[in-house]
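Colleague: Please see the structure below; I have some questions.
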Amino acid sequence: MSDISPPRAASKVPRVNEMGLGDLSYALKMGLRDYLKAPFMGLFFANVYVMGGWLIYLFLFVTEQIWYAIPITMGFPLLGPFLAVGLYEVSRRLERGEGWTRNDIFGVIWRQKDRQLPSISWVIIVYFLFWSFFAHMLFALFLGPSALTNVTSSYAYLLEPEGLVMLITGTAAGAIFALVLFSLTVIALPLLLDKELDFVTAMLTSFAVVRQNPLVMVTWGVIIAGLTFLAMVPFLLGLFLVLPVLGHASWHIYRRALTPRD
């Protein structure tokens, strides 16, 4: 089956739609359907995510920086949408009734290097690294530099008043970090795959969707965060189900959120 190349002519900015909570249940149902129709691709991309997580935690354990697992765990879901690009393409082809092979999907991902997805991917990665640095600074600010070395042998620091305040403050700050990035990228990533727009316009369009549908989109963000954290508890193994379903569902959220003008 021949591949359909991404559009090269500049696309018009889509119109933002009014959404309801029913769109979320629809997207999750369609996400599960797409996963069951293309399980190999879902398992492949989930495996990349899970193996990456295992390697990160192994590195932290070997280097005796396991305390870093707390901010890493909180920030890890921020990278999920970036890794789900291949799943967006699978859902797009299923939606259009088009056939595809594994090479078609990987080929589409490879061609994104000449478009706008790498730019927004760097935004996500830098944002994740900044969050990790901020969490490190917050830890040292509340508990002092000595805690960074002693916490690997004793977690009693976290149960002291300063530790509890640090955890509460870090959780609140992490929620703000996640909300900002979520607002700028939740629609932007599938939009950039589907249309020929610059990444700044895509991020602003994504923010406009969240601003116009705050209840629906914040609920969607809570669903993503909640399911992802639950899936990470059993050694990240739950991500083999959760990540593909959420990845495919995100495509259908995008389709419900915007109406093309061209």
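The values are calculated or read from the model by the stated rules, or taken from the named source; none is laboratory data. Computed from a predicted structure; not experimentally measured. Neighbour counts run over all protein chains shown; Cβ positions are idealised from the backbone, glycine included.
Matching residues to (1) in a helix (DSSP H, G or I); (2) modelled with pLDDT under 90; (3) out of contact with any strand residue (DSSP E or B) (no Cβ under 6 Å at 6 or more places or on another chain):
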{"site": "Ser153", "(1), (2), (3)": "no, yes, yes"}
{"site": "Thr169", "(1), (2), (3)": "yes, yes, yes"}
{"site": "Ala175", "(1), (2), (3)": "yes, yes, yes"}
{"site": "Leu189", "(1), (2), (3)": "yes, yes, yes"}
{"site": "Thr205", "(1), (2), (3)": "yes, no, yes"}
{"site": "Leu227", "(1), (2), (3)": "yes, no, yes"}
{"site": "Leu230", "(1), (2), (3)": "yes, yes, yes"}
{"site": "Gly247", "(1), (2), (3)": "yes, no, yes"}
{"site": "His252", "(1), (2), (3)": "yes, no, yes"}
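Colleague: Same structure again: Give the range 1-24 a look and list any residue that's among the polar types (S, T, N, Q) and either more than 23 Å from Ala188 (Cβ to Cβ) or modelled with pLDDT under 90 (or both), or say none.
Modeller: First pass over the range 1-24, keeping only residues among the polar types (S, T, N, Q): 2, 5, 11, 17.
Within the range 1-24, Ser2, Ser5, Ser11 meet the criteria.
Colleague: Considering only the range 73-101, how many residues are within 26 Å of Ala231 (Cβ to Cβ) and at pLDDT 75 or above?
Modeller: Of the range 73-101, the ones within 26 Å of Ala231 (Cβ to Cβ) are 73-95.
Within this subset, residues satisfying the condition of being at pLDDT 75 or above are 84-95.
Total meeting the criteria: 12.
Colleague: Conditions first: (1) touching a residue at least 12 places away in the same chain (Cβ under 8 Å); (2) surrounded by fewer than 19 Cβ atoms within 10 Å (Cβ to Cβ). Arg256 passes all but one, so which condition is the exception?
Modeller: So Arg256 meets the others, but not (2).
Colleague: Considering only residues that are out of contact with any Phe, Trp or Tyr (no Cβ under 9 Å at 6 or more places or on another chain) and of a type in the set (D, E, K, R), look in the range 177-235 and name the one that is surrounded by the most Cβ atoms within 10 Å (Cβ to Cβ).
Modeller: Step by step, filter the range 177-235, then rank; the result is Lys195.
Colleague: Just wondering, is there one or more residues in the range 65-72 that are buried (at least 16 other Cβ atoms within 10 Å of the Cβ), at pLDDT 90 or above and hydrophobic (A, V, I, L, M, F, W, C)?
Modeller: Checked the range 65-72: no residue is buried (at least 16 other Cβ atoms within 10 Å of the Cβ), at pLDDT 90 or above and hydrophobic (A, V, I, L, M, F, W, C).
Colleague: Moving on. Under the condition of being surrounded by 12 or more Cβ atoms within 10 Å (Cβ to Cβ) and either touching a His at 6+ places or on another chain (Cβ under 6 Å) or of a type in the set (D, E, K, R) (or both), which residue from the range 102-144 is farthest from Val90 (Cα to Cα)?
Modeller: Arg115
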